[in-house]
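I have placed the structure first, in the form of structure tokens, so that the comments after it can refer back to it.
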């Protein structure tokens, strides 16, 4: 690996130059295309940012878990699905607003995460890594199909009674959907974004300012060292897993207003979350948010540039690039 | 006579830190050269450059007059320079013989030859009893011998030993010293990093002293131990030289 | 008798299996024979995966990409150019081998390891699947039907009448795969693979070109996997990107070697012996549950749910796989009967 680091950047440089040359050579066509698609582009940009926030929230949980427990939680998407179904039932049966339901799903999923960690993950902590992978995989299979059995495959969605037309939020009265520069911003997506960023900040402060947060970060950096200074790493692992799943619980409630839920909805989030975690840097919370925004953008913009292909193609392409060029992610630390 | 190994102006920089600074060194055939110096002097870094793990920032490494400066570790091993690691790296799940076979496969044809040769090497280092036990069952001393066996399996011309006696009792160290002598008898040139002064002074034909990445002395053992600069370098560290 | 002892036990076991398993079609009915076929099918795939995943330590979470290449290559050659699936199988293996070499090179050249490697193979496999849904010449996501042939045809690898022929093909494939695995493990390739897995830096210091051998490992694994993909196409008679490139295939492939024992010669076979009938069993329980469980009858998902739960339990209680657990029990049994115990590891 003595020369490879420089080669990587040379490769990246070549790729960038090729891209720029292609665009430059097709200058006229490019301008024309921009005129025709400008609006679509702007909308994709806005939507990308808005949902990117929630992506980041989901990825945050995953990166936390990976940072401390060193496992890739394949059941992450499935847990999101549970959260969404819980939110659905709360809305459908009890009329609880999803944005209030967050207060229920977060502690509930925190608890669930703790139980899972204690009963399934913890016993296998000394087993080889692929065992833990299989465990979370088995869990994912179990959860997905449990949802299938209980709720069947029919997608469920909710429709908020507010959020169209003039809406009063406290002292403000805003006309939804908001229209700026030809783009449309719906209440549901905006709320999801705002809440996601807010929760990210809360999580970040928790990790930076509280004793618990410091203990978590210490364990993530050096388990042995943390143990030596008296931190109960077992307890920290338990709490961290719970926290990671709690993130997903919050994201679930935020996402249901604009996304319908079926037993496999978590799968796509799983994949995107993995990519974001690698992109942002394993173990970095701000990285997860940044990665989430980038991937949200990639997904939405990808559809504009290559309309016939699926959203995920662009995402995967980015993923491979990151893996090869900067595996520690944007904000991660080099191993 | 051309030296077997010729280090010319070898330098290694890690960002702002200069780990090895302009080292010029030659190694003659069937010589045992001891390399000593306080911790952090750059000894292992020097080894890592010779074995190909690190790319020198500047300078040249000539092996039998061939420039090997840029070659990757596996190439250098196949050319005839093998090494042991300070922190031993056994193939834990494989047996002792299997471990050594990874080395003998390089120079033999086929399974049977590789296995026979491996058993010979295992016998040579005194691990016969544990030949078919998994490597993770070995004690520290056993692991050090395994490390040695693997390096020998490559039939090297030059053997780099990195603190092979670390963690051993004085009795065990003495046994290793005898082993190293036997290796030289077999015609292999040896470059040894060691902190056990008694051992290295009795083993080495010449001793090189590294301090802050620079070669501050290279001479006969007796001369080196009375060299003022060497003593100064070690000031603050306890070290006793057993007289003869 | 002495000559027999010189031939390693593993090869003898293969010969024994040939005899034992070869007679199965004579007294098993169609249902149990197809179960046996499935067991051998997944065992074969498990072996293929094991070469790179178990022995070289390159955990692949995207083996479906190789499987699908095999399936599509032989199918397109058959449907569009009337080329025999046997030739197509070979072509698919070569193509997959080259692609595998490329993937192995890509990921290894840049030092991608461990978790990242697994995720990398996952991402590449998903990309392949998504790309496959785009390509017109393989009929995008609609899939391709393999034209039905009346009666039996060895040339076209289709046996409408004699199911046992399918079984024999898979049996031979499995045994060949097992022989290949044994031969690799016992010789230089296998030793180098394991050295890379145990400690790549040490392996390099012993003259092992890690990059080259990683690429070789992936290429072999990929080629073998593709062959099974071609077989599947001829067995199931319909393929589409989800069926052959999907994540569930990748998961199925790696389940058996891991449960059976990663990096062991018989692990995939043992794993398949346990898991495949288990999956069938859970499926049949859902179809016709015992009376006290009749609320689960016909419910989609219960079988996989059960399977997931069992998987968790197996992995928790047998962390080194079935073979590892077997070894442990054997060792404990030996220790109890060994009254003249020798001191361990003194020097």
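The values are calculated or read from the model by the stated rules, or taken from the named source; none is laboratory data. A quick note: this is a predicted structure, and the numbers were derived from the prediction, not measured. In this analysis, Cβ positions are derived from the backbone assuming ideal geometry, glycine residues included, and neighbour counts consider all displayed protein chains.
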> Just checking, which of C:194, C:178 is within 14 Å of chain B (Cβ to nearest Cβ) and in contact with a helix residue (DSSP H, G or I) (Cβ under 8 Å, 6 or more places away or on another chain)?
Replying inline: C:194
> Could you say which residue among B:56, B:73 is without any contact (Cβ under 8 Å) to a residue 40 or more places away in the chain and surrounded by 22 or more Cβ atoms within 10 Å (Cβ to Cβ)?
Replying inline: B:73
>> Restricting to segment A:64-93, count the residues that are without any contact (Cβ under 8 Å) to a residue 60 or more places away in the chain and in a helix (DSSP H, G or I).
In response: 3
> Do we have any residue at all in segment C:5-26 that's in contact with a helix residue (DSSP H, G or I) (Cβ under 8 Å, 6 or more places away or on another chain), crowded, with 17+ Cβ neighbours inside 10 Å and not in a helix (DSSP H, G or I)?
Replying inline: no
> What is the number of the single condition among (1) within 9 Å of chain C (Cβ to nearest Cβ); (2) surrounded by fewer than 19 Cβ atoms within 10 Å (Cβ to Cβ); (3) assigned to a helix (DSSP H, G or I) that residue B:103 does not meet?
Replying inline: (2)
>> Checking the conditions here, which among A:140, A:101 is surrounded by 18 or more Cβ atoms within 10 Å (Cβ to Cβ) and either within 14 Å of another protein chain (Cβ to nearest Cβ) or farther than 15 Å from residue A:85 by Cα (or both)?
In response: A:140
> What's the number of the condition residue C:240 fails, among (1) surrounded by fewer than 24 Cβ atoms within 10 Å (Cβ to Cβ); (2) within 14 Å of chain A (Cβ to nearest Cβ); (3) touching a residue at least 40 places away in the same chain (Cβ under 8 Å)?
Replying inline: (2)
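Taking segment B:26-51 as the region of interest, how many residues are part of a strand (DSSP E or B) and under 13 Å from residue B:213 (Cα atoms)? Let's see the steps before the verdict.
Filtering segment B:26-51 for residues part of a strand (DSSP E or B) gives B:26-27, B:32-36.
Narrowing the set further to residues that are under 13 Å from residue B:213 (Cα atoms) leaves B:35-36.
Number satisfying all stated conditions: 2.
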>> If a residue must be buried (at least 17 other Cβ atoms within 10 Å of the Cβ), within 14 Å of another protein chain (Cβ to nearest Cβ), touching a helix residue (DSSP H, G or I) at 6+ places or on another chain (Cβ under 7 Å) and part of a helix (DSSP H, G or I), how many such residues does segment C:122-153 contain?
In response: 9
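Being away from chain C (no Cβ under 11 Å), over 19 Å from residue C:207 (Cα atoms) and part of a loop (DSSP other than H, G, I, E, B) is the requirement here; does residue B:132 meet it?
In short, yes.
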> Taking residue B:165 and the conditions (1) touching a residue at least 24 places away in the same chain (Cβ under 8 Å); (2) surrounded by fewer than 19 Cβ atoms within 10 Å (Cβ to Cβ), which numbered condition does it fall short on, given that it satisfies the others?
Replying inline: (2)
> Checking residue B:144 against (1) in a strand (DSSP E or B); (2) farther than 28 Å from residue B:230 by Cα, which single condition isn't satisfied?
Replying inline: (1)
>> surrounded by 17 or more Cβ atoms within 10 Å (Cβ to Cβ) and either assigned to a helix (DSSP H, G or I) or under 11 Å from the mean Cα position of the chain (by Cα) (or both): is that true of residue C:59 in this structure?
In response: no
>> Given the condition surrounded by 22 or more Cβ atoms within 10 Å (Cβ to Cβ), in contact (Cβ under 8 Å) with a residue 40 or more places away in the chain and within 19 Å of residue B:52 (Cα to Cα), answer yes or no: does some residue in segment B:194-203 qualify?
In response: no
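Each row is one residue, and each column tells you yes or no for (1) over 22 Å from the mean Cα position of the chain (by Cα); (2) in a helix (DSSP H, G or I); (3) facing chain A (nearest Cβ under 9 Å); (4) at pLDDT 85 or above.
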residue	(1), (2), (3), (4)
C:307	no, yes, yes, no
C:315	no, yes, yes, yes
C:336	yes, yes, no, no
C:341	yes, no, no, no
> Based on what the data block shows, is residue C:79 in contact with a strand residue (DSSP E or B) (Cβ under 7 Å, 6 or more places away or on another chain) and either within 14 Å of chain A (Cβ to nearest Cβ) or modelled with pLDDT of 90 or more (or both)?
Replying inline: yes
> What pairs come up if the first residue lies in segment B:12-28 and is on the phi > 0 side of the Ramachandran plot, the second is surrounded by 12 or more Cβ atoms within 10 Å (Cβ to Cβ), and their beta carbons are under 6 Å apart, counting only those six or more places apart or on different chains?
Replying inline: B:22/B:9; B:22/B:11
